[in-house]
Ligand code: DC
């Protein structure tokens, strides 16, 4: 059961075939920064006010442990105030349970090993499988007293008072977890001795060590270093509160939303991290750029969109510097145009679960061909991601979060034990849902009923996207005319519809780069569009394109099968009607306004004929769908019609 979030843990959730993702998310505080800042504030002289602290399982464990150690902490919703102990905890004997929080147990082990008390540190079963021997050995070699309470090399640990002597360098391995080095760096200033730390082996996940150094400096302790091999702390170093500190948004959490923007159209903006972030995982956006996504970065935000043209590119990348965000890329690989390789990720194996093995198994459930190496994954995406997969999450928040992205291929995905995200991001699925849940208002009606004008205005008022589906049929017709394809050559017209080089930009329509907003309204195009619209293959080809218009915050889709075929799940369906006389009259006024000749009687006859043809045709006839609201507009102004639709929508 999650500590931060005591509500009932759900067995699973279904992510039902979203059509895209767009919108913005304000990120919770970073876990890595939150737990370091809490510990530093507790060890410092003076009070620290911490703003935007993450509220999650892992931070809960750290907070509770510090309180047990006698640290005074005042937790308010927006601010957490820690009264520093100037390096010595009041409680000399304690039993600390740290769940599965690596960012709590590692630094606390080092800090308590130099604190001359008796402490027992334990966690959940998985924590007892995560190695800590390299850290314990490094500490014992300089005089700490630490005993393995169960299995050699793993928590739980029993720490006793030691005699720390730093006259010779402390050696620590760097190739398993950078948190061992982080733990030593955070703890050694408390010894009030000159200290030298030497890293044996290649240091992994360096950006996390940079976070540590950066935050230590904020608390007044500067570390001299020689590359990534040797770190030196001077005797007089002591932590002093900076007074107030604000925790940045979580850059690892940002990776899911940025990926959602790149995979689901976007734009998706994350607020809380940006250009000046101290977190290594902001580099995830560089990886997305390499894949072809469009990225924009501000001081405190990042925004992602799908590539301007085509698919994301397959990749082969060394991801040692962003081990957490790299998991997101493993799911992104399912959407790329070839086989991708994630390299140098061996330390995935010692995280919340063996992430290399777990990711490989779950990716296979989605149809990918996966090769799992000792320190790499090679992922060949399937032709189409398998729908209906049931993803196991191994009590690993990141697995739950990154696999939510698979649904953006337009399939349904089940995520088991989704509330394991409480470890670092309790509201993740609520935030994700907001990006993908774009309600649709489907509007239809006979020609001249005012549906186009009403639909466009409703979209404007609500700030929704707008789809004039008739324009797509008109574009197919115009494209056929221009490329000299006869409308009765059904298979060629269907091919044109599939590859239509169209772009909708700033209320204008471009075909093959040329503005055609007016050209598609020509009488000859209307005639050909009506014929093209009766070809089932054309309708099929346009369907996917139409569904792509569904983006957050919502869509107003206008046209005859919007409610019945393309968006049957539309939140609101409206069918506009008006008497044939009223419609003829509207058309008459439009033509006269344009300075064109018009005859009311002829227009009325044409409208009646068109009605008969439209409702009688065999393919997608004009029909009111059974669950549509009827809006009779004969005696309504446009504004009244728009108001009525919005009233219905607000109740839908
Ligand atoms: O609404 P409009 O006149 O611009 O539509 C052009 C043609 O496309 C018309 O013959 C109706 C047809 N159409 C269709 O079959 N299905 C749609 N969803 C929209 C329009």
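Which of 482, 610 comes first, and how do the rest follow, when ranked by fewest Cβ neighbours within 10 Å?
In increasing order of surrounding Cβ atoms, one gets 482, 610.
Need the full-extension length gain, residue 228 to residue 548, defined as separation in residues times 0.36 nm minus the C-alpha distance. One decimal, nm. Mind showing how you got there, number by number?
Working: separation 320, 0.36 × 320 = 115.20 nm, distance 4.75 nm.
Length gained, residue 228 through residue 548: 110.5 nm.
Can you tell me the length gained on complete extension of the stretch residue 638 to residue 499, counting 0.36 nm per residue apart and subtracting the Cα distance? Don't skip to the answer; put the middle values down first.
Values: separation 139, 0.36 × 139 = 50.04 nm, distance 3.57 nm.
The span from residue 638 to residue 499 would gain 46.5 nm if fully extended.
Just from the alpha-carbon atoms, what are the Rg and Dmax of the range 171-312 in angstroms?
Taking only Cα atoms of the range 171-312, I get Rg and Dmax of 18.4, 59 Å.
Rank these for me by crowding, 122, 449, 650, 361, going from fewest to most other beta carbons within 10 Å. Please report the intermediate quantities before stating the final value.
On the way: 122 18, 449 24, 650 9, 361 14.
Listing 122, 449, 650, 361 from fewest to most nearby Cβ atoms yields 650, 361, 122, 449.
Could you please state, rounded to a whole Å, how far the C-alpha centre of the range 62-99 is from the C-alpha centre of the range 245-278?
The distance from the Cα centre of the range 62-99 to that of the range 245-278 comes to 30 Å.
State, to one decimal in nm, how far the label point of residue 512 lies from the label point of residue 565, with both points 7 Å from Cα in the Cβ direction.
Result for the modelled spin labels: 2.6 nm.
For the chain, what relative contact order do you get, as a whole percent, if you take Cα pairs closer than 8 Å and at least 6 residues apart?
On the way: 1437 pairs, mean separation 85.3, N = 652.
Reported as a whole number, the value is 13 percent.
What is the projected area of the convex hull of the Cα atoms of the range 540-630, averaged over all directions, in nm²? Mind showing how you got there, number by number?
Values: hull surface 31.0 nm².
Reported value for the Cα convex hull: 7.8 nm².
Given C-alpha coordinates of the range 365-433, what is the ratio Rg to Rh with the Kirkwood estimate of Rh?
On the way: Rg = 12.9 Å, Rh = 13.0 Å.
That ratio is 0.99, to two decimals.
Which order do peptides 254-260, 549-555, 585-591 fall in by mean Cβ count within 10 Å, highest first?
Numbers: 254-260: 30.3, 549-555: 22.9, 585-591: 15.7.
Ranking, from highest mean packing down: 254-260, 549-555, 585-591.
For a Förster distance of 35 Å, can you work out the FRET efficiency between the beta-carbons of residue 308 and residue 74, rounded to the nearest 0.05?
Numbers: r = 50 Å, r/R0 = 1.42.
It comes out at approximately 0.10.
Any idea what % of Cα-Cα pairs in the range 433-550 are farther than 23 Å? Intermediate values should be presented prior to the final figure.
Working: 2170 of 6903 pairs.
Here the long-distance tail beyond 23 Å is 31 percent of all Cα pairs in the range 433-550.
Multiply the residue separation of residue 620 and residue 606 by 0.36 nm, subtract the distance between their alpha-carbon atoms, and state the gained length in nm to one decimal.
Working: separation 14, 0.36 × 14 = 5.04 nm, distance 2.03 nm.
Extending this stretch completely gives an extra 3.0 nm.
Under a no-solvent Debye model with one identical scatterer per Cα of the chain, what's log10 I(q)/I(0) at q = 0.07 Å⁻¹?
-0.56
Out of every Cα-Cα pair in the range 133-203, what percent are more than 21 Å apart? Walk me through the numbers on the way to the answer.
Working: 534 of 2485 pairs.
Counting every Cα pair in the range 133-203, those more than 21 Å apart make up 21 percent.
Where the centroid of each part is defined by its Cα atoms, how far is the range 602-618 from the range 620-652 in Å?
Each part's Cα centre sits 21 Å from the other's.
Which value in Å does the Kirkwood hydrodynamic radius of the range 1-96 take, with 1/r averaged over all unlike C-alpha pairs and then inverted?
So the Kirkwood estimate lands at 15.4 Å.
Mind giving me the nanometre distance, one decimal, between the label points for residue 372 and residue 286, set 7 Å out from Cα along Cα→Cβ?
My value for the distance between the label points is 2.9 nm.
With n ≥ 4 as the cut-off for DSSP H runs, can you work out [θ] at 222 nm for the chain, using -39500 (n - 2.57) per run divided by the number of residues, rounded to the nearest 500?
Result for the chain, helices only: -11000 deg cm²/dmol.
How big is the shadow of the Cα convex hull of the range 319-442, averaged over all directions, in nm²? Show your work: numbers first, answer last.
Working: hull surface 31.8 nm².
Value for the range 319-442: 7.9 nm².
Could you please state, rounded to a whole Å, how far the C-alpha centre of the range 132-167 is from the C-alpha centre of the range 101-128?
What the calculation gives is 10 Å, centre to centre.
In what order do 634, 212 fall by count of nearby beta-carbon atoms within 10 Å, going from fewest to most? Please list the in-between numbers first.
Working: 634 14, 212 26.
By the 10 Å Cβ count, ascending: 634, 212.
I want to check the label-to-label distance for residue 484 and residue 344. Put each point 7 Å from Cα in the C-beta direction and report it in nm to one decimal.
Distance between label points: 5.6 nm.
What share of Cα pairs, in percent, lie more than 17 angstrom apart in the range 603-650? Intermediate values should be presented prior to the final figure.
On the way: 628 of 1128 pairs.
Of the Cα pairs, 56 percent sit more than 17 Å apart.
Since every read-out is calculated from the coordinates, none of them should be taken as a lab result. These numbers come from a predicted model, not from an experiment. Please note: Cβ atoms are built from the backbone with ideal geometry, for glycine as well, and neighbour counts cover all protein chains shown.
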